[in-house]
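Notes to accompany the following structure.
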Amino acid sequence: MSPAPRLSSLTIGSRGSDLALWQANFIQKKLKDIGLDAGIKIIKTQGDKIQDLSLDKLEGKGFFTKEIEDALLAGEIDLAVHSHKDLPTENPKGLIIAAVSYREDPSELILVHKSAVDERMKYGFKKNAKVGTSSARRKSQLLAFREDITLLDLRGNVPTRIQKLRDKQYDAIMLAAAGVERLGIDLSEFYSEKINPKEFIPAPAQGVLALQIREANKELYQLLQKLNEAEVRATTGVERRILNLFDGGCQLPLGAYCEKDEDVDGEPVFKVWASKAEGWNNFPKQIYFESRKAEGLAEKIVRKLNELKPASVFITRDPKKYDYFQKALIANGFQVQARSLIEIKQIAIRKLPKTDWVFFSSKNAVKHFFEQQPQLEQVKFAAVGKSTSEELRKFGKKAEFIGYSTDTRLTGKQFASVVGSKTVLFPQAKGSMKTIQQQFKAGQVIDMVVYETIKNSIDDLELSEIVVFTSPSNVEAYFEKYKISPTQKTVAMGDATANALRKMGVKANAMPPAFDDLGLVQAVMSV
């Protein structure tokens, strides 16, 4: 028989780390706001006691939660406050999640010791760096992007991990941004870089608190609905359902991130990014899905990840050294042909106008602008997507704004709101569609042509199961000699390319969620 509810004076169960106590105190204050007084009881878990093993070597599930759940079942506490990502996806019999909190930033945070910084490299740390993390999910994705690094296990609470970096036991470490931000830790002594959760996929429900109670405590359940964030529960429900279907815990190399957004017509849409590897040292499968409703979405994603079969792929661009697109597909068994159907010719800059911002809509624009060594003063840089921002990095520049949508109208509106009344220079291709520029007021935009495209003659392409078109010019060049058969699938790099395909009577089967190699990989693996 369950202990009787004690709503006049509740007891919250929590781990004893600084972050866990911040979370417990946060909920304690929220409870007070709805008229409930509560004390806090610290409970040590298996994960707190065992610090010499990485998470993937600990046996079972719930090693940060089991002892707290046992205390809840025994009536020693009335409410458990957990980091939702630490909880197994199935509650012990007699317990339920009554409510979830707002979502703190779910991003991953890279901290780099000042002695190991190299901002030209992805994530800002030097080549062959020693990077600390004990998460199999983080290890898998880190190695996918930076195979040169050495991974070292990192355990302990947030301040302890940061102190180990300070002591130079590591060149860099990876943490959840949520924990650092909640604790308000000063990071000014380190180089830091926050990674968008759509690029480096977080743990399911990362950044969310879960309030767990006894199922029989109906009165407390009803009161806690005042604290429940319904949209967060819906999106994290998709993420945790994916984890549940894989029967996984903290040691599974699985990332899942869901957000509820609106399409261009204002209709709600659930967007999900997922990454899964067989082991921490295996290359992950990376996919992206959209759906009008959350129901059944997790099942579709798991089915796709389980049934994903390698295919032959042709991409309309020349192969490049360190090409993530090819590396990711080949590592997962795909056959890749890469060949541009156009040539790029640089156009000389005659005069460089004064501007506040410079916006780049492609890697080619970056390359052909900076190869001419323009003399710039007091300007900020912006990029249409991650891939373009990485190209900027090669020239020692950092984007202050990065678009994260292949809908260039949306990116344009977001960028215009950041710029305000300032002027923007747009280095671009001859004949550019200027979708971004159309979101600005008259007088703010300065267009500058820095390259043009010339079609190549193609006679020897092998038929591929998937064709990836990277620009409208490549669409036009392809269809001069070839057609798309009913058995082939197509991926279009953005709206302009999809429109060019549509003019050829072909509807793109997929579009990448972002203008970068990872977005293309996610699109190919999702068709």
Could you give me the ³J(HN,Hα) list for the stretch 376-384, computed from phi with Karplus coefficients 6.51, -1.76, 1.60 and θ = phi - 60°, whole Hz, x at Gly and Pro? 10, 10, 6, 10, 10, 10, 9, 9, 5
Taking a 24 Å limit on the Cα-Cα distance, which of the listed pairs 434/483; 260/386; 126/345 fall beyond it? 434/483; 126/345
For residue 342, what residues show an amide H to amide H distance below 5 Å, using hydrogens built from the backbone and excluding near sequence neighbours? 456
Determine the distance separating the Cα centre of the stretch 327-398 from the Cα centre of the stretch 201-239; give it in Å without decimals. 43
What does DSSP give for the stretch 343-454 in terms of the percent of beta bridges that are antiparallel, rounded to the nearest 5? 20
If you filter the stretch 217-316 for trypsin sites (Lys or Arg not before Pro), then keep DSSP loop positions with at most 15 other Cβ within 10 Å, what is left? 226, 292, 293
What whole-number volume per residue, in cubic angstrom, does the convex hull of the C-alpha atoms of the stretch 274-336 give? 107
Calculate log10 I(q)/I(0) of the stretch 153-283 for q = 0.13, 0.18 Å⁻¹, where I(q) comes from the Debye formula with a single equal point scatterer on each Cα and nothing for solvent. -0.76, -1.19
The stretch 56-175: antiparallel bridges as % of DSSP beta bridges, rounded to 5, reads 50
Any chance you could give the angle, 0 to 90 degrees and rounded to 10, that helix 136-145 forms with the longest Cα principal axis of the chain? 10
Measuring from the lowest to the highest alpha carbon on each principal axis, how far does the chain reach, largest first, in angstroms? 79, 53, 45
For the chain, what's the relative contact order in percent, using C-alpha pairs closer than 8 Å and at least 6 residues apart? 12
Taking the C-alpha atoms of the stretch 343-454, convex hull volume expressed per residue in Å³: 101
The stretch 81-210 shape via C-alpha gyration tensor axes, a/c threshold 1.5: prolate
Quick one: if the Förster radius is 51 Å, what FRET efficiency do residue 102 and residue 349 give, using the C-beta to C-beta distance and rounding to 0.05? 0.60
Could you list, in their original order, any pairs among 321/380; 139/309; 271/304 whose Cα atoms are separated by more than 21 Å? 321/380; 139/309
Of the residues 257, 337, 437, the Cα lying farthest along the dipole of the chain towards its positive end, which is defined by charges on the beta carbon of Lys, Arg, Asp and Glu, belongs to 437
Quick one: helix 18-33 against the long Cα principal axis of the chain, what's the angle to the nearest 10°, folded into 0 to 90? 70
Label zone at residue 487, where the point sits 7 Å out along the Cα-to-Cβ direction: the stretch 290-312 residues whose backbone N lies under 15 Å: 311-312
Report the charge-dipole magnitude of the chain in Debye, nearest 20, computed about the Cα centre from +1 at each Lys and Arg Cβ and -1 at each Asp and Glu Cβ. 780
Computed FRET efficiency, Cβ-Cβ of residue 312 and residue 371, R0 51 Å: what is it to the nearest 0.05? 0.90
With r defined as the distance between the Cβ atoms of residue 300 and residue 259 and R0 fixed at 22 Å, what FRET efficiency is calculated, to the nearest 0.05? 0.85
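The numbers here are math on the coordinates, done by the rules we state, and not lab data. As the structure is a prediction and not an experimental result, all values here were calculated from the model. Glycine gets a Cβ as well: all are built from the backbone with ideal geometry, and neighbour counts include every protein chain shown.
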